[in-house]
Amino acid sequence: MDILQVQGSGKLEGEVTSSGAKNAMTKLLVASLLSDKRCTFYNVPNIGDVQITVSLCEEIGSKVSWDKEAGVLEIRTKELKTSYIPQRFSGANRIPILMAGALLGRTNDDIIIPTVGGDAIGKRSVDFHIEALTKLGAQVEYREMKKEGAYLVHAHNGLTGTHIELPFPSVGATENAILAGVRARGNTVIKNAATEPEIVDLILFLQKLGAIIFLDVDRTIHIEGTTTSHEVEHTVLTDRIEAASFGMAAIATKGRVFVKKAQHPHMITFLNKIREIGGGFSVKSDGIEFFYQGPLKGGAHIETDVHPGFMTDWQQPYAVLLTQACGTSVIHETVYENRFGYTRALNEMGADIELFCECLGGKNCRYKERHFEHSIIVKGRTPLKGGEINIPDLRAGFAYVMAALIAEGESTINGMHFLDRGYGDLVPKLQALGANIKRIQTKPDTKPRKLISPHKKNHELAKTPS
(Lines give C-alpha, C1' and ligand atoms only; values in the text may rest on other atoms or scores of the structure.)
Protein backbone atom coordinates (compact mmCIF):
# COMPACT_ATOMS: atom_id res chain seq x y z
CA MET A 1 0.00 0.00 0.00
CA ASP A 2 1.45 3.34 -1.08
CA ILE A 3 1.27 6.55 0.92
CA LEU A 4 2.04 10.17 0.17
CA GLN A 5 4.29 12.36 2.26
CA VAL A 6 3.72 16.06 1.68
CA GLN A 7 5.66 18.98 3.13
CA GLY A 8 3.44 22.05 2.97
CA SER A 9 3.83 25.82 2.67
CA GLY A 10 5.33 25.86 -0.82
CA LYS A 11 4.20 27.53 -4.05
CA LEU A 12 3.28 25.59 -7.18
CA GLU A 13 4.83 27.17 -10.25
CA GLY A 14 5.35 26.01 -13.81
CA GLU A 15 3.42 24.12 -16.49
CA VAL A 16 1.42 20.90 -16.34
CA THR A 17 -0.44 19.09 -19.11
CA SER A 18 -3.95 17.95 -18.29
CA SER A 19 -4.71 14.36 -19.28
CA GLY A 20 -7.60 12.88 -21.19
CA ALA A 21 -10.86 12.75 -19.26
CA LYS A 22 -11.51 9.72 -17.07
CA ASN A 23 -15.25 10.17 -17.38
CA ALA A 24 -14.98 10.18 -21.17
CA MET A 25 -12.39 7.48 -21.85
CA THR A 26 -13.99 4.77 -19.74
CA LYS A 27 -17.35 5.26 -21.50
CA LEU A 28 -15.71 5.37 -24.94
CA LEU A 29 -14.17 1.96 -24.30
CA VAL A 30 -17.61 0.58 -23.51
CA ALA A 31 -19.06 2.26 -26.61
CA SER A 32 -16.44 0.58 -28.79
CA LEU A 33 -18.11 -2.75 -27.94
CA LEU A 34 -21.01 -1.79 -30.22
CA SER A 35 -18.75 -2.43 -33.20
CA ASP A 36 -16.54 -5.25 -34.46
CA LYS A 37 -14.23 -2.69 -36.08
CA ARG A 38 -10.95 -1.25 -34.79
CA CYS A 39 -11.18 1.88 -32.65
CA THR A 40 -8.08 3.97 -31.98
CA PHE A 41 -8.03 6.49 -29.16
CA TYR A 42 -5.52 9.28 -28.52
CA ASN A 43 -4.89 11.32 -25.35
CA VAL A 44 -5.75 8.27 -23.23
CA PRO A 45 -5.10 8.84 -19.50
CA ASN A 46 -2.95 6.27 -17.70
CA ILE A 47 -5.22 5.86 -14.69
CA GLY A 48 -6.74 3.07 -12.67
CA ASP A 49 -10.30 3.38 -13.95
CA VAL A 50 -9.17 3.05 -17.56
CA GLN A 51 -7.14 -0.06 -16.64
CA ILE A 52 -10.16 -1.58 -14.91
CA THR A 53 -12.34 -0.88 -17.95
CA VAL A 54 -9.74 -2.34 -20.31
CA SER A 55 -9.63 -5.50 -18.21
CA LEU A 56 -13.41 -5.65 -18.27
CA CYS A 57 -13.49 -5.35 -22.08
CA GLU A 58 -10.76 -7.98 -22.48
CA GLU A 59 -12.80 -10.30 -20.27
CA ILE A 60 -15.61 -10.37 -22.82
CA GLY A 61 -13.42 -10.66 -25.90
CA SER A 62 -11.80 -7.33 -26.76
CA LYS A 63 -8.23 -7.23 -28.06
CA VAL A 64 -6.46 -4.19 -26.67
CA SER A 65 -3.11 -2.59 -27.42
CA TRP A 66 -2.23 0.35 -25.14
CA ASP A 67 0.88 2.49 -25.39
CA LYS A 68 0.58 4.19 -22.02
CA GLU A 69 3.52 6.53 -22.55
CA ALA A 70 2.17 7.79 -25.89
CA GLY A 71 -1.42 7.78 -24.66
CA VAL A 72 -2.63 5.71 -27.62
CA LEU A 73 -5.00 2.77 -27.26
CA GLU A 74 -6.41 0.44 -29.92
CA ILE A 75 -9.36 -1.82 -29.19
CA ARG A 76 -11.27 -4.26 -31.35
CA THR A 77 -14.02 -6.60 -30.26
CA LYS A 78 -14.39 -8.81 -33.32
CA GLU A 79 -16.61 -11.20 -31.42
CA LEU A 80 -17.88 -11.64 -27.89
CA LYS A 81 -16.57 -14.66 -26.04
CA THR A 82 -18.96 -14.13 -23.12
CA SER A 83 -21.71 -11.82 -21.93
CA TYR A 84 -21.02 -12.57 -18.27
CA ILE A 85 -19.17 -9.90 -16.30
CA PRO A 86 -17.46 -11.68 -13.37
CA GLN A 87 -18.26 -10.70 -9.81
CA ARG A 88 -14.70 -9.53 -9.23
CA PHE A 89 -15.68 -6.38 -11.15
CA SER A 90 -18.48 -5.70 -8.67
CA GLY A 91 -17.75 -2.44 -6.86
CA ALA A 92 -14.63 -1.74 -8.96
CA ASN A 93 -16.20 1.31 -10.59
CA ARG A 94 -19.49 2.37 -12.18
CA ILE A 95 -18.69 1.04 -15.64
CA PRO A 96 -20.17 -2.51 -15.48
CA ILE A 97 -23.78 -1.29 -15.56
CA LEU A 98 -23.05 0.58 -18.83
CA MET A 99 -22.09 -2.74 -20.39
CA ALA A 100 -25.82 -3.49 -20.53
CA GLY A 101 -26.57 -0.82 -23.12
CA ALA A 102 -23.58 -1.73 -25.27
CA LEU A 103 -23.93 -5.52 -25.11
CA LEU A 104 -27.66 -5.45 -25.87
CA GLY A 105 -26.62 -4.21 -29.30
CA ARG A 106 -24.20 -7.10 -29.84
CA THR A 107 -25.96 -10.16 -28.47
CA ASN A 108 -29.39 -11.65 -27.85
CA ASP A 109 -27.97 -13.81 -25.08
CA ASP A 110 -28.45 -13.18 -21.38
CA ILE A 111 -26.10 -10.53 -20.00
CA ILE A 112 -25.02 -10.80 -16.36
CA ILE A 113 -23.60 -7.66 -14.75
CA PRO A 114 -22.36 -7.18 -11.16
CA THR A 115 -23.83 -4.42 -9.03
CA VAL A 116 -22.70 -0.84 -9.50
CA GLY A 117 -19.61 0.38 -7.64
CA GLY A 118 -17.52 3.52 -7.29
CA ASP A 119 -16.66 5.92 -4.49
CA ALA A 120 -18.44 6.08 -1.15
CA ILE A 121 -19.99 9.48 -1.85
CA GLY A 122 -23.62 8.53 -1.65
CA LYS A 123 -25.81 5.59 -2.38
CA ARG A 124 -26.01 4.73 -6.04
CA SER A 125 -29.11 3.69 -7.86
CA VAL A 126 -29.58 2.18 -11.29
CA ASP A 127 -33.34 2.79 -11.35
CA PHE A 128 -33.11 5.29 -14.20
CA HIS A 129 -30.86 2.92 -16.18
CA ILE A 130 -33.31 0.05 -15.77
CA GLU A 131 -36.34 2.14 -16.69
CA ALA A 132 -34.67 3.38 -19.88
CA LEU A 133 -33.52 -0.08 -20.99
CA THR A 134 -36.93 -1.55 -20.19
CA LYS A 135 -38.65 1.05 -22.38
CA LEU A 136 -36.36 -0.02 -25.23
CA GLY A 137 -37.55 -3.61 -24.83
CA ALA A 138 -34.95 -5.14 -22.52
CA GLN A 139 -35.81 -7.41 -19.62
CA VAL A 140 -33.88 -6.58 -16.43
CA GLU A 141 -33.89 -8.73 -13.32
CA TYR A 142 -31.90 -8.40 -10.10
CA ARG A 143 -30.53 -11.64 -8.63
CA GLU A 144 -28.39 -12.66 -5.70
CA MET A 145 -25.33 -14.52 -6.99
CA LYS A 146 -22.49 -15.82 -4.84
CA LYS A 147 -23.73 -13.70 -1.94
CA GLU A 148 -23.53 -10.59 -4.11
CA GLY A 149 -26.04 -8.92 -6.36
CA ALA A 150 -26.07 -9.02 -10.15
CA TYR A 151 -28.37 -7.87 -12.93
CA LEU A 152 -29.64 -10.30 -15.58
CA VAL A 153 -30.38 -8.33 -18.76
CA HIS A 154 -31.56 -9.56 -22.13
CA ALA A 155 -33.53 -8.58 -25.23
CA HIS A 156 -34.02 -11.89 -27.02
CA ASN A 157 -36.00 -10.21 -29.77
CA GLY A 158 -33.81 -7.15 -30.01
CA LEU A 159 -34.47 -3.56 -28.95
CA THR A 160 -37.02 -1.14 -30.39
CA GLY A 161 -36.63 2.62 -30.46
CA THR A 162 -38.86 4.56 -28.12
CA HIS A 163 -39.42 7.82 -26.25
CA ILE A 164 -37.53 8.07 -22.94
CA GLU A 165 -37.87 10.92 -20.46
CA LEU A 166 -35.43 10.79 -17.57
CA PRO A 167 -36.68 12.03 -14.18
CA PHE A 168 -33.26 13.61 -13.64
CA PRO A 169 -30.43 14.36 -16.14
CA SER A 170 -28.40 11.39 -14.91
CA VAL A 171 -25.10 11.02 -16.75
CA GLY A 172 -24.95 7.24 -16.40
CA ALA A 173 -28.57 6.66 -17.40
CA THR A 174 -28.18 8.96 -20.39
CA GLU A 175 -25.11 7.03 -21.52
CA ASN A 176 -26.80 3.67 -21.12
CA ALA A 177 -29.86 4.82 -23.07
CA ILE A 178 -27.64 6.20 -25.85
CA LEU A 179 -25.64 2.98 -26.15
CA ALA A 180 -28.78 0.87 -26.31
CA GLY A 181 -30.56 3.24 -28.68
CA VAL A 182 -27.80 3.13 -31.30
CA ARG A 183 -28.59 -0.51 -32.17
CA ALA A 184 -32.35 -0.39 -31.49
CA ARG A 185 -34.76 -0.68 -34.42
CA GLY A 186 -36.27 2.67 -35.33
CA ASN A 187 -35.87 6.03 -33.61
CA THR A 188 -35.08 6.73 -29.97
CA VAL A 189 -35.66 10.08 -28.28
CA ILE A 190 -34.10 10.77 -24.85
CA LYS A 191 -35.54 13.83 -23.10
CA ASN A 192 -34.10 15.57 -20.03
CA ALA A 193 -30.77 14.00 -20.93
CA ALA A 194 -27.44 14.88 -19.38
CA THR A 195 -25.42 17.18 -21.65
CA GLU A 196 -21.97 17.07 -20.03
CA PRO A 197 -18.96 17.55 -22.35
CA GLU A 198 -18.21 13.85 -21.85
CA ILE A 199 -21.69 13.02 -23.21
CA VAL A 200 -21.01 15.18 -26.26
CA ASP A 201 -17.66 13.42 -26.70
CA LEU A 202 -19.47 10.07 -26.64
CA ILE A 203 -21.95 11.32 -29.25
CA LEU A 204 -19.09 12.47 -31.50
CA PHE A 205 -17.42 9.07 -31.23
CA LEU A 206 -20.64 7.22 -32.00
CA GLN A 207 -21.25 9.42 -35.05
CA LYS A 208 -17.80 8.47 -36.34
CA LEU A 209 -18.67 4.84 -35.64
CA GLY A 210 -21.74 5.06 -37.88
CA ALA A 211 -24.56 6.20 -35.60
CA ILE A 212 -27.09 8.81 -36.66
CA ILE A 213 -27.33 10.84 -33.48
CA PHE A 214 -27.59 14.46 -32.40
CA LEU A 215 -28.21 16.61 -29.34
CA ASP A 216 -30.97 19.22 -29.44
CA VAL A 217 -30.91 22.50 -27.48
CA ASP A 218 -33.52 21.36 -24.93
CA ARG A 219 -31.61 18.40 -23.45
CA THR A 220 -33.08 16.04 -26.06
CA ILE A 221 -30.99 13.40 -27.82
CA HIS A 222 -32.25 11.88 -31.08
CA ILE A 223 -30.96 8.53 -32.34
CA GLU A 224 -31.79 6.61 -35.50
CA GLY A 225 -31.00 2.94 -34.98
CA THR A 226 -28.39 1.49 -37.31
CA THR A 227 -26.20 -1.59 -37.74
CA THR A 228 -23.49 0.30 -39.62
CA SER A 229 -19.95 0.33 -38.22
CA HIS A 230 -16.74 2.05 -39.29
CA GLU A 231 -13.19 2.09 -38.00
CA VAL A 232 -12.70 5.13 -35.78
CA GLU A 233 -9.88 7.41 -34.68
CA HIS A 234 -10.84 9.63 -31.78
CA THR A 235 -8.98 12.05 -29.51
CA VAL A 236 -10.33 12.05 -25.95
CA LEU A 237 -11.28 15.45 -24.59
CA THR A 238 -9.28 16.99 -21.75
CA ASP A 239 -10.20 16.17 -18.16
CA ARG A 240 -11.90 19.34 -16.87
CA ILE A 241 -11.80 18.00 -13.30
CA GLU A 242 -8.03 17.50 -13.35
CA ALA A 243 -7.50 20.88 -15.02
CA ALA A 244 -9.57 22.63 -12.36
CA SER A 245 -7.79 20.71 -9.60
CA PHE A 246 -4.36 21.98 -10.65
CA GLY A 247 -5.77 25.48 -11.13
CA MET A 248 -7.16 25.61 -7.58
CA ALA A 249 -3.93 24.15 -6.17
CA ALA A 250 -1.95 26.91 -7.89
CA ILE A 251 -4.11 29.66 -6.39
CA ALA A 252 -4.27 28.06 -2.94
CA THR A 253 -0.46 27.83 -2.73
CA LYS A 254 -0.10 31.45 -3.95
CA GLY A 255 1.61 30.20 -7.07
CA ARG A 256 1.20 30.33 -10.85
CA VAL A 257 0.54 27.28 -13.04
CA PHE A 258 -0.24 27.01 -16.73
CA VAL A 259 -2.55 24.04 -17.33
CA LYS A 260 -1.92 23.00 -20.89
CA LYS A 261 -4.90 21.61 -22.84
CA ALA A 262 -7.43 23.00 -20.33
CA GLN A 263 -10.50 23.79 -22.43
CA HIS A 264 -12.22 27.10 -21.74
CA PRO A 265 -15.74 26.17 -23.01
CA HIS A 266 -15.95 23.27 -20.53
CA MET A 267 -14.95 25.37 -17.51
CA ILE A 268 -17.03 28.56 -17.80
CA THR A 269 -18.99 28.08 -14.58
CA PHE A 270 -15.88 27.07 -12.65
CA LEU A 271 -13.88 30.06 -13.89
CA ASN A 272 -16.64 32.45 -12.83
CA LYS A 273 -16.44 31.08 -9.29
CA ILE A 274 -12.64 31.42 -9.28
CA ARG A 275 -12.94 35.06 -10.29
CA GLU A 276 -15.70 35.64 -7.71
CA ILE A 277 -13.31 34.97 -4.81
CA GLY A 278 -10.41 36.88 -6.32
CA GLY A 279 -8.46 34.07 -7.95
CA GLY A 280 -6.60 34.82 -11.14
CA PHE A 281 -6.70 33.09 -14.51
CA SER A 282 -5.80 33.88 -18.10
CA VAL A 283 -7.11 31.89 -21.06
CA LYS A 284 -4.45 31.14 -23.68
CA SER A 285 -4.72 29.48 -27.08
CA ASP A 286 -3.52 26.13 -25.74
CA GLY A 287 -4.66 26.17 -22.10
CA ILE A 288 -5.42 28.26 -19.04
CA GLU A 289 -2.97 29.88 -16.63
CA PHE A 290 -4.05 30.08 -12.97
CA PHE A 291 -2.39 32.40 -10.47
CA TYR A 292 -2.67 34.06 -7.08
CA GLN A 293 -3.25 37.80 -7.36
CA GLY A 294 -3.87 38.83 -3.79
CA PRO A 295 -5.92 37.82 -0.76
CA LEU A 296 -8.94 35.66 -1.57
CA LYS A 297 -12.32 36.92 -0.41
CA GLY A 298 -15.13 34.74 0.88
CA GLY A 299 -18.83 35.26 0.39
CA ALA A 300 -19.11 32.66 -2.37
CA HIS A 301 -22.28 30.64 -2.74
CA ILE A 302 -21.92 27.37 -4.66
CA GLU A 303 -24.70 24.99 -5.63
CA THR A 304 -23.50 21.89 -7.45
CA ASP A 305 -25.54 20.85 -10.46
CA VAL A 306 -25.53 18.95 -13.72
CA HIS A 307 -23.80 20.61 -16.69
CA PRO A 308 -23.58 23.51 -17.33
CA GLY A 309 -23.74 24.01 -13.56
CA PHE A 310 -20.91 23.75 -11.05
CA MET A 311 -19.64 20.17 -11.05
CA THR A 312 -19.97 18.10 -7.90
CA ASP A 313 -16.39 16.94 -8.57
CA TRP A 314 -15.10 20.51 -8.35
CA GLN A 315 -16.51 21.30 -4.90
CA GLN A 316 -14.03 19.35 -2.73
CA PRO A 317 -10.86 21.26 -3.73
CA TYR A 318 -12.94 24.43 -3.94
CA ALA A 319 -13.89 23.95 -0.29
CA VAL A 320 -10.17 23.80 0.55
CA LEU A 321 -9.66 26.99 -1.46
CA LEU A 322 -12.43 28.67 0.58
CA THR A 323 -10.59 27.86 3.82
CA GLN A 324 -7.97 30.35 2.57
CA ALA A 325 -10.51 33.07 1.66
CA CYS A 326 -11.38 35.81 4.14
CA GLY A 327 -15.06 35.55 5.01
CA THR A 328 -17.88 33.04 5.08
CA SER A 329 -18.96 30.95 2.10
CA VAL A 330 -21.61 28.31 1.41
CA ILE A 331 -21.64 25.12 -0.66
CA HIS A 332 -24.93 23.32 -1.30
CA GLU A 333 -24.48 19.80 -2.75
CA THR A 334 -27.47 18.74 -4.86
CA VAL A 335 -26.06 15.76 -6.78
CA TYR A 336 -24.97 13.33 -4.03
CA GLU A 337 -26.26 13.16 -0.48
CA ASN A 338 -23.06 12.02 1.23
CA ARG A 339 -20.26 14.07 -0.27
CA PHE A 340 -19.16 16.25 2.64
CA GLY A 341 -17.72 13.58 4.92
CA TYR A 342 -14.24 14.68 3.83
CA THR A 343 -14.68 18.00 5.65
CA ARG A 344 -14.19 16.39 9.06
CA ALA A 345 -10.56 15.67 8.24
CA LEU A 346 -10.12 19.25 7.02
CA ASN A 347 -11.48 20.50 10.36
CA GLU A 348 -8.92 18.37 12.17
CA MET A 349 -6.28 20.09 10.04
CA GLY A 350 -7.56 23.49 11.24
CA ALA A 351 -10.41 24.38 8.89
CA ASP A 352 -13.68 25.86 10.18
CA ILE A 353 -16.39 24.01 8.25
CA GLU A 354 -19.87 23.30 9.58
CA LEU A 355 -22.24 20.74 8.07
CA PHE A 356 -26.00 21.21 7.72
CA CYS A 357 -28.91 19.00 6.72
CA GLU A 358 -30.82 22.04 5.44
CA CYS A 359 -30.69 23.20 1.82
CA LEU A 360 -28.54 26.33 2.01
CA GLY A 361 -29.52 27.62 -1.40
CA GLY A 362 -32.39 28.47 -3.68
CA LYS A 363 -32.12 25.49 -5.99
CA ASN A 364 -34.78 22.79 -5.72
CA CYS A 365 -33.05 19.86 -4.07
CA ARG A 366 -34.13 16.24 -3.75
CA TYR A 367 -32.50 16.04 -0.31
CA LYS A 368 -34.74 18.66 1.29
CA GLU A 369 -35.97 17.49 4.70
CA ARG A 370 -34.29 14.09 4.24
CA HIS A 371 -31.71 14.61 6.99
CA PHE A 372 -28.61 14.32 4.80
CA GLU A 373 -25.69 16.61 5.58
CA HIS A 374 -25.54 18.16 2.14
CA SER A 375 -24.71 21.80 2.84
CA ILE A 376 -21.65 23.38 4.43
CA ILE A 377 -20.56 26.79 5.68
CA VAL A 378 -16.83 27.51 5.33
CA LYS A 379 -15.28 30.26 7.44
CA GLY A 380 -11.88 31.57 6.45
CA ARG A 381 -9.11 32.40 6.43
CA THR A 382 -7.88 29.51 8.62
CA PRO A 383 -4.29 28.22 8.69
CA LEU A 384 -4.04 24.47 8.21
CA LYS A 385 -1.62 22.10 9.91
CA GLY A 386 -0.27 18.82 8.60
CA GLY A 387 -1.62 15.50 9.78
CA GLU A 388 -2.30 11.93 8.81
CA ILE A 389 -5.28 11.50 6.53
CA ASN A 390 -7.17 8.55 5.10
CA ILE A 391 -8.66 9.16 1.65
CA PRO A 392 -12.33 8.09 1.37
CA ASP A 393 -12.85 8.73 -2.37
CA LEU A 394 -11.19 10.06 -5.50
CA ARG A 395 -12.10 13.75 -5.41
CA ALA A 396 -11.73 14.08 -1.66
CA GLY A 397 -8.27 12.62 -2.22
CA PHE A 398 -7.10 15.57 -4.30
CA ALA A 399 -8.69 17.98 -1.82
CA TYR A 400 -6.51 16.42 0.89
CA VAL A 401 -3.39 16.69 -1.28
CA MET A 402 -4.21 20.34 -1.87
CA ALA A 403 -4.78 20.93 1.86
CA ALA A 404 -1.46 19.26 2.63
CA LEU A 405 0.32 21.50 0.11
CA ILE A 406 -0.80 24.64 1.95
CA ALA A 407 -0.60 23.25 5.49
CA GLU A 408 2.20 23.96 7.90
CA GLY A 409 4.37 20.91 8.49
CA GLU A 410 4.25 17.42 7.05
CA SER A 411 1.19 15.40 6.09
CA THR A 412 0.86 11.69 5.42
CA ILE A 413 -1.93 10.66 3.09
CA ASN A 414 -3.16 7.06 2.94
CA GLY A 415 -5.33 5.54 0.22
CA MET A 416 -3.36 6.33 -2.94
CA HIS A 417 -5.40 3.79 -4.92
CA PHE A 418 -8.29 6.25 -4.90
CA LEU A 419 -6.15 8.99 -6.47
CA ASP A 420 -4.70 6.53 -8.98
CA ARG A 421 -8.21 5.94 -10.30
CA GLY A 422 -8.47 9.45 -11.72
CA TYR A 423 -5.11 11.27 -11.67
CA GLY A 424 -2.35 9.94 -13.88
CA ASP A 425 1.25 10.58 -12.78
CA LEU A 426 0.02 12.91 -10.04
CA VAL A 427 3.18 12.88 -7.96
CA PRO A 428 5.62 13.56 -10.86
CA LYS A 429 3.35 16.36 -12.10
CA LEU A 430 3.26 18.02 -8.68
CA GLN A 431 7.00 17.55 -8.19
CA ALA A 432 7.62 19.26 -11.53
CA LEU A 433 5.63 22.23 -10.19
CA GLY A 434 7.86 22.42 -7.12
CA ALA A 435 5.79 20.49 -4.61
CA ASN A 436 7.69 18.75 -1.82
CA ILE A 437 5.83 15.46 -2.21
CA LYS A 438 6.87 11.86 -2.52
CA ARG A 439 5.19 8.51 -2.88
CA ILE A 440 6.35 5.79 -0.52
CA GLN A 441 5.61 2.10 -0.82
CA THR A 442 4.97 0.62 2.61
CA LYS A 443 5.27 -3.00 3.59
CA PRO A 444 1.97 -4.92 3.56
CA ASP A 445 2.30 -5.75 7.25
CA THR A 446 3.07 -2.18 8.34
CA LYS A 447 0.96 -1.37 11.37
CA PRO A 448 -1.26 1.61 10.49
CA ARG A 449 -1.26 4.63 12.74
CA LYS A 450 -4.41 6.36 13.89
CA LEU A 451 -6.05 7.98 10.90
CA ILE A 452 -8.32 10.94 10.45
CA SER A 453 -11.51 9.14 9.44
CA PRO A 454 -13.50 11.42 7.12
CA HIS A 455 -16.71 9.42 6.96
CA LYS A 456 -18.09 5.95 7.13
CA LYS A 457 -18.22 4.11 3.83
CA ASN A 458 -21.48 2.94 2.38
CA HIS A 459 -21.78 0.82 -0.75
CA GLU A 460 -25.51 0.21 -0.65
CA LEU A 461 -27.85 1.24 -3.41
CA ALA A 462 -30.53 3.88 -2.99
CA LYS A 463 -32.65 6.04 -5.20
CA THR A 464 -30.06 8.63 -6.17
CA PRO A 465 -28.98 9.32 -9.79
CA SER A 466 -25.73 7.77 -10.97
- Message: If a residue counts only when it is buried (at least 24 other Cβ atoms within 10 Å of the Cβ), which strands (runs of 3 or more DSSP E) contained entirely in the range 1-54 have at least 2 such residues?
- Response: 2-7, 39-42
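Among the residues of the range 34-54, is any farther than 30 Å from Glu289 by Cβ and without any contact (Cβ under 8 Å) to a residue 12 or more places away in the chain? Outline the logic, then answer.
Initial filter on the range 34-54 (farther than 30 Å from Glu289 by Cβ): 34-40, 51-54.
Right, trim to without any contact (Cβ under 8 Å) to a residue 12 or more places away in the chain and you get 51.
The answer is yes, given that some residue of the range 34-54 is farther than 30 Å from Glu289 by Cβ and without any contact (Cβ under 8 Å) to a residue 12 or more places away in the chain.
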- Can we say Ala24 is within 23 Å of Glu196 (Cα to Cα) and either in the same structural domain as Leu206 (by TED's automatic domain parsing) or among the aliphatic types (A, V, I, L, M) (or both)? yes
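What residue, among those in the range 114-160 that are assigned to a strand (DSSP E or B) and crowded, with 23+ Cβ neighbours inside 10 Å, is modelled with the highest pLDDT?
Of everything passing the filter in the range 114-160, Val153 is modelled with the highest pLDDT.
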- Within the range 229-251, considering residues that are of a type in the set (S, T, N, Q) and crowded, with 22+ Cβ neighbours inside 10 Å, the one nearest to Ala404 (Cα to Cα): Ser245
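Can you tell me which residues in the range 358-377 are surrounded by 15 or more Cβ atoms within 10 Å (Cβ to Cβ) and part of a loop (DSSP other than H, G, I, E, B)?
Result: Cys359, Leu360, Gly361, Cys365, Arg366, Tyr367, Phe372, Glu373, His374.
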- Just for the range 252-294: of the residues that are crowded, with 20+ Cβ neighbours inside 10 Å and without any contact (Cβ under 8 Å) to a residue 40 or more places away in the chain, which one is farthest from Ile331 (Cα to Cα)? Phe281
- Item | Failed item, numbered, when Gly172 is tested on (1) part of a helix (DSSP H, G or I); (2) under 21 Å from Thr195 (Cβ atoms); (3) in contact with a strand residue (DSSP E or B) (Cβ under 8 Å, 6 or more places away or on another chain) | (3)
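The rows are residues; the columns are (1) buried (at least 21 other Cβ atoms within 10 Å of the Cβ); (2) acidic (Asp, Glu); (3) in contact with a helix residue (DSSP H, G or I) (Cβ under 7 Å, 6 or more places away or on another chain).
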residue: Ala173; (1), (2), (3): yes, no, yes
residue: Ala177; (1), (2), (3): yes, no, yes
residue: Gly181; (1), (2), (3): yes, no, no
residue: Asn187; (1), (2), (3): no, no, no
residue: Glu196; (1), (2), (3): yes, yes, yes
residue: Gln207; (1), (2), (3): no, no, no
residue: Ile223; (1), (2), (3): yes, no, yes
residue: Thr227; (1), (2), (3): no, no, no
- Query: Residue check: is Lys368 of a type in the set (Lys, Arg), free of Cβ contacts under 8 Å to residues at least 40 places away in the same chain and in the same structural domain as Leu419 (by TED's automatic domain parsing)?
  - Reply: yes
- Grab the helices (runs of 4 or more DSSP H) fully contained in the range 378-466, keeping just those with 3 or more residues being modelled with pLDDT under 95 and under 18 Å from the mean Cα position of the chain (by Cα). 394-406, 416-422
- Task: Give the residue that is farthest from Tyr400 (Cα to Cα), with candidates limited to residues of the range 373-389 that are in contact with a Phe, Trp or Tyr (Cβ under 6 Å, 6 or more places away or on another chain) and among the β-branched types (Val, Ile, Thr).
- Result: Ile376
- Could you list all residues from the range 324-357 that are outside any loop (DSSP other than H, G, I, E, B) and among the aliphatic types (A, V, I, L, M)? Ala325, Val330, Ile331, Ala345, Leu346, Ile353, Leu355
- Item | Filter result (touching a helix residue (DSSP H, G or I) at 6+ places or on another chain (Cβ under 8 Å) and more than 20 Å from Gly422 (Cα to Cα)) within the range 14-36 | Gly14, Ser32, Leu33, Leu34, Ser35
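The values are calculated or read from the model by the stated rules, or taken from the named source; none is laboratory data. Given the structure is predicted, the values throughout are model-derived calculations rather than measurements. Here Cβ is always computed from backbone atoms with ideal geometry, including for glycine, and neighbour counts include all displayed protein chains.
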